[in-house]
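A.B. asks: Shown below is the structure under consideration.
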Amino acid sequence: MKLLLTGGTGFIGSHTAVVLSQAGHELVLLDNFSNSKQAVLGRLETILGHALPFVQADVRDTAKVTQALQTHGIQAVVHFAGLKAVGESVAQPLNYFANNLQGTLSLLQAMQAAQVHQLVFSSSATVYGEPQYLPLDEQHPTSATNPYGRTKLHIEEMLHDLSASNPAWRIACLRYFNPVGAHDSGLIGEDPNGIPNNLMPFVVQVAAGIRPALQVFGNDYDTPDGTGVRDYIHVMDLAQGHLAALHFLNAQTGWHAINLGTGQGYSVLEMVKAFEAASGKPVAFNIVPRRPGDVASCYAKVDKAQALLNWQASRGLPQMCEDAWRAQQRNMPSTT
Ligand code: NAD
Ligand code: UD1
């Protein structure tokens, strides 16, 4: 198929580009480089052995996106583009509404104009809010606890309404748990701007000597070792979930919400230990108070993805850590 990947040079978009291209799809990447670098395109070319067509644009530029869809004969879109930092969304909600809500609305208008009705959307486990039970299945009530989460929830609802309006639409909302790791070449990976908000990139930078110590946000949760438990999923497994979702949508219409996780939770201290083993480096840490808004545990029920997509994650925690470390060693953070 001919596919447009918005946010295609970002962390998850770039890894998904590798998987989709290697599976034989023809890709066009679109990004405004607000949180990624042009050098990713060269790295993708090195991995794939050929360049990928690229459009530098903001998804809010409806005319340019429509033109890209029409010029390239696009049949389906994978929509990664958006802002994703929870704390920043609390401080700058309008920026999040503009990028995520307005951006998605613009994309959908462009898709409608170009008669493209197949969409895979990057949603998040954040739509489950405070877990009422575990593991989280797709029937769990949804809610938002911050502006970032609210954009994901509203977008899911917009997509649901859209699919009800016209049976031509085929939409999968993939609810990602905690993506980590990197392509095994180490050429692409997670490359956050500034101080990482998320656990894994912070741990990587402590092991690399860039930051002195990890702050562990609380060790008094109701979990086996008192630290927070999450469902970390290797980004290449996640990428393969998109391939499976596109295949699924070829035979389905309507709106589908599907968890992409492993079903297995690990604590912060288990992550630290696994990373020390993979990197051979010590990861110093201090226990500090809980981070506001954090929950004790969050992990997925993965049966729906197995049943509908015939997909499940296969890479374990050691590989997540080894691949993240390799990407760091190949100097990911200084990519320019
Ligand atoms: P990322 O920031 O690495 O990638 C997003 C890409 O979108 C970046 O390259 C950025 O430049 C681009 N972008 C942002 N706004 C844009 C706009 N208006 N127009 C064009 N391009 C724009 O983030 P990621 O981790 O790859 O996340 C991809 C998607 O997955 C996001 O929608 C995110 O909310 C969602 N998600 C991520 C996680 C995670 O932990 N990484 C978890 C759940 C959901
Ligand atoms: C966070 C977001 C979530 C988003 C996800 C992926 C919050 C409250 N939630 O999830 O909406 O979808 O990122 O972008 O921000 N931790 C530390 N020290 C650190 C960093 C994290 O101890 O420096 C702990 C956290 O308390 C948590 C675990 O590590 O227990 C994972 O944290 P993180 O990587 O930020 O992901 P989430 O909080 O699950």
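A.B. asks: GLY181 - would you say it is touching a His at 6+ places or on another chain (Cβ under 8 Å) and crowded, with 21+ Cβ neighbours inside 10 Å? Explain how you work it out, then say what you get.
C.D. replies: Numbers: touching a His at 6+ places or on another chain (Cβ under 8 Å): yes; crowded, with 21+ Cβ neighbours inside 10 Å: yes.
When the stated conditions are applied, GLY181 passes them.
A.B. asks: In addition: Among the residues of region 127-143 satisfying the criterion of being of a type in the set (Ser, Thr, Tyr) and surrounded by fewer than 16 Cβ atoms within 10 Å (Cβ to Cβ), which is farthest from ligand 2 (Cβ to nearest atom)?
C.D. replies: At the first step, the residues of region 127-143 found to be of a type in the set (Ser, Thr, Tyr) are 128, 133, 142-143.
Add one more test, that the residue is surrounded by fewer than 16 Cβ atoms within 10 Å (Cβ to Cβ), and what stays is 133, 143.
On the way: TYR133: 17, SER143: 12 Å.
The qualifying residue farthest from ligand 2 (Cβ to nearest atom) is TYR133.
A.B. asks: Out of (1) within 16 Å of ligand 2 (Cβ to nearest atom); (2) modelled with pLDDT of 95 or more, the odd one out for ILE195 is which?
C.D. replies: It is condition (2) that ILE195 fails.
A.B. asks: For the structure I just gave you, tell me whether THR9 is in contact (Cβ under 8 Å) with a residue 12 or more places away in the chain and touching an Asp or Glu at 6+ places or on another chain (Cβ under 7 Å).
C.D. replies: Values: in contact (Cβ under 8 Å) with a residue 12 or more places away in the chain: yes; touching an Asp or Glu at 6+ places or on another chain (Cβ under 7 Å): yes.
So THR9 passes the test.
A.B. asks: What about GLY241, is it assigned to a helix (DSSP H, G or I), open to solvent by less than 10 Å² (accessible area, probe 1.4 Å) and touching a strand residue (DSSP E or B) at 6+ places or on another chain (Cβ under 9 Å)? Give the derivation first.
C.D. replies: Details: assigned to a helix (DSSP H, G or I): yes; open to solvent by less than 10 Å² (accessible area, probe 1.4 Å): yes; touching a strand residue (DSSP E or B) at 6+ places or on another chain (Cβ under 9 Å): yes.
Answer is yes for this residue.
A.B. asks: Step by step: first the residues of region 248-287, then only those that are assigned to a loop (DSSP other than H, G, I, E, B), among the small types (Gly, Ala, Ser) and open to solvent by 40 Å² or more (accessible area, probe 1.4 Å), then the one that is nearest to ligand 2 (Cβ to nearest atom). Which residue is that?
C.D. replies: From region 248-287, those assigned to a loop (DSSP other than H, G, I, E, B) are 250-253, 261-265, 280-284; that's our starting set.
Next, only the ones that are among the small types (Gly, Ala, Ser) stay: 251, 261, 263, 265, 280, 284.
Filter once more, so that each one left must be open to solvent by 40 Å² or more (accessible area, probe 1.4 Å): 251, 280, 284.
Working: ALA251: 29, GLY280: 21, ALA284: 12 Å.
Across region 248-287, the extreme among qualifying residues is ALA284.
A.B. asks: Need a quick list: strands (runs of 3 or more DSSP E) entirely within region 175-235 having at least 1 residues that are within 11 Å of ligand 1 (Cβ to nearest atom) and either of a type outside the set (A, V, I, L, M) or more than 14 Å from the chain's Cα centre (by Cα) (or both).
C.D. replies: On the way: elements: 178-180, 214-217, 232-234.
Where strands (runs of 3 or more DSSP E) fall fully within region 175-235 and carry at least 1 residues being within 11 Å of ligand 1 (Cβ to nearest atom) and either of a type outside the set (A, V, I, L, M) or more than 14 Å from the chain's Cα centre (by Cα) (or both), they are 178-180, 232-234.
A.B. asks: How many residues are in contact (Cβ under 8 Å) with a residue 40 or more places away in the chain and either among the acidic types (Asp, Glu) or open to solvent by 10 Å² or more (accessible area, probe 1.4 Å) (or both) if we restrict to region 210-227?
C.D. replies: 12
A.B. asks: Out of all the residues in region 288-306, which are open to solvent by 70 Å² or more (accessible area, probe 1.4 Å) and part of a loop (DSSP other than H, G, I, E, B)? Spell out the reasoning first.
C.D. replies: So in region 288-306, the residues open to solvent by 70 Å² or more (accessible area, probe 1.4 Å) come out as 289-293, 301, 303, 306.
Correct list: PRO289, ARG290, ARG291, PRO292, GLY293, LYS301.
A.B. asks: Failed condition for TYR133, given (1) more than 19 Å from GLY10 (Cβ to Cβ); (2) in a helix (DSSP H, G or I); (3) aromatic (Phe, Trp, Tyr), with all others met?
C.D. replies: (2) is the only condition that TYR133 fails.
A.B. asks: Quick one: which of TRP325, TRP311 is within 27 Å of ASP225 (Cα to Cα), among the aromatic types (Phe, Trp, Tyr), in contact (Cβ under 8 Å) with a residue 24 or more places away in the chain and buried (at least 21 other Cβ atoms within 10 Å of the Cβ)? Give the steps one after another, and end with the answer.
C.D. replies: Numbers: TRP311 fails: within 27 Å of ASP225 (Cα to Cα).
Of the residues listed, the single one that is within 27 Å of ASP225 (Cα to Cα), among the aromatic types (Phe, Trp, Tyr), in contact (Cβ under 8 Å) with a residue 24 or more places away in the chain and buried (at least 21 other Cβ atoms within 10 Å of the Cβ) is TRP325.
A.B. asks: If you take the residues in region 132-165 that are within 16 Å of ligand 1 (Cβ to nearest atom) and among the hydrophobic types (A, V, I, L, M, F, W, C), which one is nearest to GLN115 (Cα to Cα)?
C.D. replies: Once the filter is applied, the top-ranked residue is LEU159.
A.B. asks: May I ask you to list pairs of residues, at least six apart or on different chains, whose Cβ atoms are under 7 Å apart, with the first in region 162-187 being within 16 Å of ligand 2 (Cβ to nearest atom) and aliphatic (A, V, I, L, M) and the second being open to solvent by 30 Å² or more (accessible area, probe 1.4 Å) and modelled with pLDDT of 95 or more?
C.D. replies: Every condition considered, the pairs that remain are ALA182/ARG326.
The values are calculated or read from the model by the stated rules, or taken from the named source; none is laboratory data. The shown structure was predicted, so the numbers you read here are calculated from the model rather than taken from an experiment. Quick reminder, even Gly has a Cβ in these numbers, built from the backbone with ideal geometry, and neighbours come from all protein chains shown. What goes into the accessible areas is simple: the full protein's heavy atoms, side chains included, and nothing from ligands, DNA or RNA. Shrake-Rupley method; radii C 1.70, N 1.55, O 1.52, S 1.80 Å.
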